[in-house]
């Protein structure tokens, strides 16, 4: 490939700075072992490497492994960037390295992300027994002839899944984020409203009513000629004030 590039016009060659962050692997139905990723970028100045070995926690493995390298891509006659292949292979290590099992692999074309800023996506692994997904952050920044027009290859949407964000172990004890507080506030308000609607409404206390109004409410069938409770109470206090014995009815 390098020999063929020698005969290609320099106007069709573009240098790119490649920055990749291998973040995590999620949805791994295993509970033991150490996990690592072997990576390889075709036609890059720093073409291969390996992440550190990391344990699994809550079916997730976190690496946050950075890759920084350079690569020269070639434009075809339609000014579409040539392929820049990134291949990842994920392994599980058991018994202190005596056993190694493949979890899956992933191959993507980095040219699809040229000059599009930082793209963070999650990908479903190939050749895997599980529905595990690996999260990558990718930036392809042109370094030469930035004024040259080029087109990126069509993205293979079939390998991209919706973002999934597992929580890192060291972040579990942190205070809730503003979004978390908003959710908690909404939940608390809804719970209060539910309790208010489920509790029976208490009647107004009789002590807050005037005595005539209370007596009128509680004596609907009394004889109009009979003395009202108000008159009876007033008569009782009048007799007590003048020491007049109460008449028996």
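The values are calculated or read from the model by the stated rules, or taken from the named source; none is laboratory data. Predicted model, so just to flag it, every value in this text is computed and none were measured. Positions of Cβ are backbone-derived with ideal geometry, glycine not excepted, and every protein chain shown enters the neighbour counts.
The criterion of at least 2 residues that are surrounded by 15 or more Cβ atoms within 10 Å (Cβ to Cβ) and in the same structural domain as residue 138 (by TED's automatic domain parsing) is met by the following strands (runs of 3 or more DSSP E) wholly inside segment 43-107: 61-74, 85-94.
Quick check on this structure: which one of 40, 23 is assigned by TED's automatic domain parsing to the domain that holds residue 92, within 27 Å of the chain's Cα centre (by Cα), at pLDDT 95 or above and under 17 Å from residue 138 (Cα atoms)? Before the answer, list the steps.
Values: 40 fails: within 27 Å of the chain's Cα centre (by Cα).
Within the list 40, 23, the selection yields 23.
Quick check on residue 33: is it in contact with a helix residue (DSSP H, G or I) (Cβ under 7 Å, 6 or more places away or on another chain) and buried (at least 16 other Cβ atoms within 10 Å of the Cβ)? The answer is no for residue 33. Scan segment 114-121 and give yes if some residue there is touching a strand residue (DSSP E or B) at 6+ places or on another chain (Cβ under 7 Å), at pLDDT below 60, assigned by TED's automatic domain parsing to the domain that holds residue 20 and in a loop (DSSP other than H, G, I, E, B), otherwise no. Scanning segment 114-121, I find no residue that is touching a strand residue (DSSP E or B) at 6+ places or on another chain (Cβ under 7 Å), at pLDDT below 60, assigned by TED's automatic domain parsing to the domain that holds residue 20 and in a loop (DSSP other than H, G, I, E, B), so the answer is no.
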